[in-house]
1. Quick one: among 25, 95, 46, which has the greatest mean-square fluctuation in a GNM of the chain with alpha-carbon springs under 10 angstrom?
2. Could you give the angle, 0 to 90 degrees to the nearest 10, between helix 16-28's Cα long axis and the longest principal axis of the Cα atoms of the chain?
3. With a 1.4 Å probe and every protein chain left in place, tell me how much accessible area residue 29 has, in Å² to the nearest 10.
4. What 222 nm value per residue comes from the helices of the chain, counting each DSSP H run with n ≥ 4 as -39,500 (n - 2.57) and dividing by all residues, nearest 500 deg cm²/dmol?
5. For the charge dipole of the chain, defined by +1 on Lys and Arg C-beta atoms and -1 on Asp and Glu C-beta atoms about the Cα centroid, which residue among 23, 68, 44 has the Cα displaced farthest towards the positive pole?
6. Could you give the dipole magnitude of the chain about its Cα centre, charging the beta-carbon of Lys and Arg +1 and that of Asp and Glu -1, in debye to the nearest 20?
7. For the chain, which whole percent of the accessible surface, found with a 1.4 angstrom probe, sits on carbon and sulfur atoms?
8. Just need the relative contact order of the chain here, percent rounded to a whole number, with Cα pairs under 8 Å and 6+ apart.
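The values are calculated or read from the model by the stated rules, or taken from the named source; none is laboratory data. Predicted model, so just to flag it, every value in this text is computed and none were measured. We place every Cβ from the backbone using ideal geometry, glycine too, and count neighbours over all the protein chains shown. Keep in mind that these areas ignore ligands, DNA and RNA; they rest on the heavy atoms of the full protein, side chains included. Shrake-Rupley method; radii C 1.70, N 1.55, O 1.52, S 1.80 Å.
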Amino acid sequence: QGVKIKPTDIDIVTDEAGAIKIMQLLRDSGIELLDNAPSEVFDSILVRFMINGIVVEILGDFKIKSKVDNQWHRMERLLMNPDIIEIEHVKLPVLPLAQAMEVYTLMGREKDLLKVAMIEQRLKIGK
């Protein structure tokens, strides 16, 4: 989307039923699920696995504990109105940059706030 961020993993956000279904499909396919570490920042049904050396995380019923107000925020709205990008002729739904900026702001970690600044710059240039 024009922001020079090197991803360390791929996050797929879904609802609770979607996460459970994906977990079942992965187990049935013989894909090894990775251990999940609890987090003070995130709460979700988390399914982690690796494909070609890249960690993929399925986040069902995703919630973030905000560093701004110390409250838990439900993120189901992230499933609504995604932007669509095309990579190698495959169309993928992605989080619009304005929503990504909001999510990173809620997380409030130093690395997230750096991403907020990069997204803000991209949105200014794009206007």
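1. Comparing 25, 95, 46 in a Gaussian network model of the chain, the most mobile one is 25.
2. 50
3. Probe radius 1.4 Å; accessible area of residue 29 about 90 Å².
4. On the way: 3 runs with 40 residues, N = 127.
Helices in the chain give a 222 nm mean residue ellipticity of -10000 deg cm²/dmol.
5. 68
6. Working: 17 positive and 20 negative charges, 106 e Å.
The dipole magnitude comes to about 500 debye.
7. Here it works out to 55 percent.
8. Reported as a whole number, the value is 23 percent.
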